[in-house]
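Okay, so here's the structure we're looking at.
Bear in mind that the values in this text are calculations on the coordinates, not laboratory data. As the structure is a computational prediction, the values presented were derived from the model and not from experiment. Please note: Cβ atoms are built from the backbone with ideal geometry, for glycine as well, and neighbour counts cover all protein chains shown.
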Amino acid sequence: MSEEKITEIRSIPGTGAALRHRLLEKHNHRCVACGITDDLAPLELAHLVPLSRGGELSEDNLTILCANCHRSFDRPPREIEFVSFLAGLLTRHRDYSDVQREIVLGREIRYRADILAHRRNDDGIETLLIECKTYPALTAAHIHSAIGQLEKYKAGYGDCRMVLAIPATLREEELSALRAANIEAWDLRYIASRFSMQIRESEPGYYRTLLLARITRPKELAREQELINSLESCVPGKSDCYVYQTLVGEILECLFTPPLGKPIPELSDKSEANRRDFIMPNYTERGFWSFMRQKYEADYIVIDAKNYTRKIKKSEVLQIANYLKPHGAGLFGLIISRRGGDSSGCEHTLREQWLIHRKLILVLDDEDIKAMLMAKSDERLAEDVLGQKIEHFRLSM
């Protein structure tokens, strides 16, 4: 959980004595993680989904933890917690039976599968082989890796129905890839629809809250989906360059404001030789952006938007690099372009700027932007996409 998720009882505004009392009574005055009672250690209220990410100040979004579990829970949920939650939904649903977790498959080469279960349908009983994934940022490579993993599992087990379960909303291209491999996709939409009753009956926790938010979401088109549709309808090329630039500003504000300041358009340095499309002030004191300011001197996030039909080259990287200064905007920049960067001049220059000048520049394409918008729509962190890009860049050096 993030730091915002856990707050001492006395410091959560608006939580009245009656709500605090109900939660303590509900959990028998015990920490829900370790079981210690409040006569031995102070207990704290915990937001399962932070208010900054759409969580509500409600009984369903609060639980009780001791101070030690407070610190150990200061992280995203582990994959095993999703496996356990999904297995619980299957166990409570009348159409599923013989639910088993962490089953070892195969003979010569052995694998450990997440869930094996039977499903009753009009044709009888079928066996489901379910692989659970909780990628912080979903990419096409992750989907293809999961497909390969499930196919190996099926080869080791035999006749069964393959299922990929993931607590995120999959896009049509990802769903198509799974259908082509004859794999069922259980994403947030499917799980919320198929197991709505079981979700409501489950114990309070991160995934219950996440899925309840999906179940109760208004039917109108989400802002994130509107922006994805606008991005897809914006034609790459010079004629729509200002349309694209305005759209990128709206996307940045949707994704990162708050905690970042609203995008400031078209700022130049003193010489006016270097102008950038957007600057986003970064005064954040916790979480991803605080880390970026401390580690990569990202006092301001510098962004260029390029509505190119081609990939970014060396010259575009040098343009934004000229604006990045340790005593100016900082040393972190984003180039947002339709097709990303090329594998020669762009990639070489990105590495050069980091190795020699300590300037970290990321190039994001349409798929990266869509992935962040989908994450935001799911009440996950859009910043995880950036974190994954940085991780890939640093580990490839």
*Do the sum for the chain: with -39,500 (n - 2.57) for every DSSP H run of n ≥ 4, divided by all residues, what is the mean residue ellipticity at 222 nm, to the nearest 500 deg cm²/dmol?*
-12500 deg cm²/dmol
_Table column - 3J(HN,Hα) (Hz), the range 165-174, Karplus curve with 6.51, -1.76, 1.60, x for Gly and Pro_ = 10, 8, x, 8, 8, 7, 7, 4, 5, 6
*asked:* Can you give the local net charge around Glu201? Use residues other than it whose beta-carbon is closer than 10 angstrom to its beta-carbon, Lys and Arg +1, Asp and Glu -1.
replied: +2
_Order 336-347, 294-305 from most to least packed using the mean count of other Cβ atoms within 10 Å._
294-305, 336-347
*Within the set of other residues whose C-beta is less than 15 Å from the C-beta of Thr127, count the net charge using Lys and Arg as +1 and Asp and Glu as -1.*
-3
*How long is the gain from Thr91 to Glu108 if the chain were fully straight, where each residue apart is worth 0.36 nm and the alpha carbon distance is subtracted?*
3.0 nm
*Cα-Cα pairs of the range 79-215 separated by more than 24 Å (percent)*: 27 percent
*asked:* Please report the net charge: other residues with Cβ closer than 13 Å to the Cβ of Ile36, K and R +1, D and E -1.
replied: -2
*What shape does the range 224-395 take by its C-alpha gyration tensor, where a ≥ b ≥ c are the square roots of the eigenvalues and a/c under 1.5 counts as rounded, a/b above b/c as prolate, and the rest as oblate?*
rounded
*Of (1) 68, 54, 43; (2) 78, 51, 33; (3) 60, 43, 34, which one was derived for Cα extents along the principal axes in Å from the structure shown?*
(1)
*Simple spin-label estimate for His327 and Ala41 in nanometres, 7 Å along Cα-Cβ*: 4.9 nm
_Theoretical gain in end-to-end length, Asp123 to Ala181 [0.36 nm per residue, Cα-Cα removed]_ = 18.7 nm
*Where does each of His47, His327, His29 land when they are ranked from fewest to most other beta-carbon atoms within 10 angstrom?*
His327, His29, His47
*asked:* Below 8 Å, C-alpha to C-alpha, sequence gap of six or more: please give me the relative contact order for the chain in percent.
replied: 11 percent
*Starting from the Cα of Leu318, step 7 Å toward the Cβ, then list every residue of the range 337-370 with an amide N under 13 Å from that point.*
345-346, 349-350, 353
